[in-house]
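Read the structure below first, then the notes.
The values are calculated or read from the model by the stated rules, or taken from the named source; none is laboratory data. Keep in mind that what you see is a predicted model, and the values were worked out from it rather than measured. Methodologically, a virtual Cβ is constructed for each residue, glycine included, from the backbone with ideal geometry; neighbour enumeration extends over all protein chains shown. When the accessible area is computed, the model is the full protein with side chains, heavy atoms only, and any ligands, DNA or RNA have been set aside. Shrake-Rupley method; radii C 1.70, N 1.55, O 1.52, S 1.80 Å.
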Amino acid sequence: MSIMPPDGTPLDMRDLLIRLDQRVADGFDNMNKGFAEQKRETDALKVRVTDIERDLGDRPMLKAQHFNLVTRVDDLEDAHAEVSGAIKATRLWGAVIVGVIAVLGYLGLTVELRSAQPVATSKTVQTVTVPTG
């Protein structure tokens, strides 16, 4: 976008005008680059502000979801504790039942063994001599 000086301008003035025109063009280019950078930064800030506003708008909903999730986890932990307690109680009762069965089985085996043993009978032979006389 260089503007040429009119014909008949002295050479040194012509060179000076060309250099001045170039500096002005470079200055405008630098200003336009700065404006473009500022526009990008402004757009980035607008995006950040929009994200923050959206997040702040969603915050009550997110807090409610968090509260519901914590409540559900607490309920699941309580249910797990109940199931664990029931399993421990079942194991205890199972051990008691097995112990009772073992004691009854031992007593029954002892009774069976005692009754299965043959009764010892002893035959006593007495000899009596009768005097003949």
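Points to keep in mind about this one:
- In this structure, Met61 and Thr90 have a Cβ-Cβ separation that, at R0 = 35 Å, corresponds to a calculated FRET efficiency of about 0.20.
- Among (1) 76; (2) 54; (3) 21, the entry that matches percent of Cα pairs over 26 Å apart as calculated here: (1)
- With the whole protein complex present, Ser122 retains an accessible surface near 100 Å², based on a 1.4 Å probe.
- Inter-label distance for Arg54 and Ile101, nm, one decimal - labels placed 7 Å from Cα along Cα-to-Cβ: 6.5 nm
- Solvent-accessible area of Glu77 with every protein chain in place, 1.4 Å probe, in Å² to the nearest 10: 110 Å²
- Placing unit charges on each Cβ (+1 for Lys and Arg, -1 for Asp and Glu) gives the chain a dipole about its Cα centre, and among Phe35, Pro10, Gln65 the Cα reaching farthest toward its positive end belongs to Gln65.
- Springs between Cα atoms under 10 Å define the GNM used for the chain, and in it the highest mean-square fluctuation of Asp12, Asp75, Asp51 occurs at Asp12.
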